[in-house]
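Participant: Take this structure first; my questions come after.
Where a number appears in this text, it was derived from the coordinates with a stated rule and is not lab data. Only a predicted model underlies this, so the values are computations on that prediction, with no experimental measurement involved. With ideal geometry, Cβ positions are generated from the backbone for all residues, glycine too; neighbour counts draw on all protein chains shown.
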Amino acid sequence: MTVAITRTDATATSLRDEAKRTSHAPAARRLLAIALVLEGSPRGDAARQCGMDRQTLRDWVHRFNNEGIAGLFGRAHGGGPGRKLSAEQESEVAKWVRTGPDPAVDGVVRWRLAGNGSRGPSM
């Protein structure tokens, strides 16, 4: 089932003009893809011409319908895990890296990542 473009506040021409003005290349591609759909191009063709698949274009149509042109610009990424070390701990690790190991104390001549899977270096 196709998702209709329900916004009436933008035309294909205004979307193309906005795509010319922006320096945000991904948003320009999204604007141009939606402009092609507004002009009657099949979604698969519009998506392919703008370097995305049909499902991705469908997702951007939803964002455009809900948020307008502003919705086609990327958002700041807020996800992902938080920091594991405090600023003080990061500073201490940076000092260790700069000074390097002491062979007599640490038993190695250079720091290396221990082979313990994806858990990172063992400290």
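Participant: So how strong a dipole does the chain carry about its Cα centre when Lys and Arg Cβ are +1 and Asp and Glu Cβ are -1, to the nearest 20 debye?
Facilitator: About 200 debye.
Participant: Quick one: Karplus J couplings for the stretch 17-29, per residue in order, coefficients 6.51, -1.76, 1.60, θ = phi - 60°, nearest Hz, x for Gly and Pro?
Facilitator: For the stretch 17-29, the Karplus-derived couplings read 4, 5, 4, 5, 7, 7, 9, 8, 4, x, 5, 4, 4 Hz, x marking Gly and Pro.
Participant: Can you list residues from other chains, or at least 5 along the same chain, whose modelled amide H is less than 5 Å from the amide H of Phe73?
Facilitator: Close amide H contacts, sequence-distant or interchain: none at all.
Participant: Taking the Cβ of each residue in Arg110, Arg63 as the centre, tally the other Cβ atoms inside 10 Å and list the residues starting with the fewest.
Facilitator: Placing the least packed residue first, the sequence is Arg110, Arg63.
Participant: Most exposed first by the Cβ proxy, i.e. fewest other Cβ within 10 Å, how do Ile34, Ile69, Ile5 rank?
Facilitator: Result, fewest neighbours first: Ile5, Ile69, Ile34.
Participant: Another question, then. Taking θ as phi - 60°, what are the ³J(HN,Hα) couplings along the stretch 44-61 by the Karplus curve (6.51, -1.76, 1.60), each to the nearest whole Hz, with x for Gly and Pro?
Facilitator: x, 5, 4, 5, 4, 5, 9, x, 9, 9, 4, 5, 5, 4, 4, 4, 5, 5
Participant: With θ taken as phi - 60° and the coefficients 6.51, -1.76 and 1.60, list the Karplus ³J(HN,Hα) couplings across the stretch 104-111 in order, rounded to whole Hz; mark glycine and proline as x.
Facilitator: With coefficients 6.51, -1.76 and 1.60, one gets 5, 8, 8, x, 9, 9, 8, 6 Hz.
Participant: Suppose only helical runs count, i.e. DSSP H with n ≥ 4. What mean residue ellipticity at 222 nm does that imply for the chain under -39500 (n - 2.57) per run, divided by all residues and rounded to the nearest 500 deg cm²/dmol?
Facilitator: Mean residue ellipticity at 222 nm (helix-derived): -15000 deg cm²/dmol.
Participant: Under 8 Å for C-alpha pairs, at least 6 residues apart: give me the relative contact order for the chain, rounded to a whole percent.
Facilitator: The normalised contact order for the chain reaches 18 percent.
Participant: Chymotrypsin sites (Phe, Trp or Tyr not before Pro) within the stretch 1-82: which are DSSP loop residues with at most 15 other Cβ atoms inside 10 Å?
Facilitator: Phe73
Participant: Can I ask one more? What percent do you get for the relative contact order of the stretch 12-72 when only Cα pairs under 8 Å and 6+ apart count?
Facilitator: In percent, rounded to a whole number, it is 28.
Participant: Out of Ala87, Leu113, Met52, whose Cα points farthest toward the positive end of the dipole of the chain (charges: +1 Lys, Arg; -1 Asp, Glu; placed on Cβ)?
Facilitator: Met52
Participant: Distance from the Cα centre of the stretch 5-65 to that of the stretch 77-113, in angstrom?
Facilitator: 46
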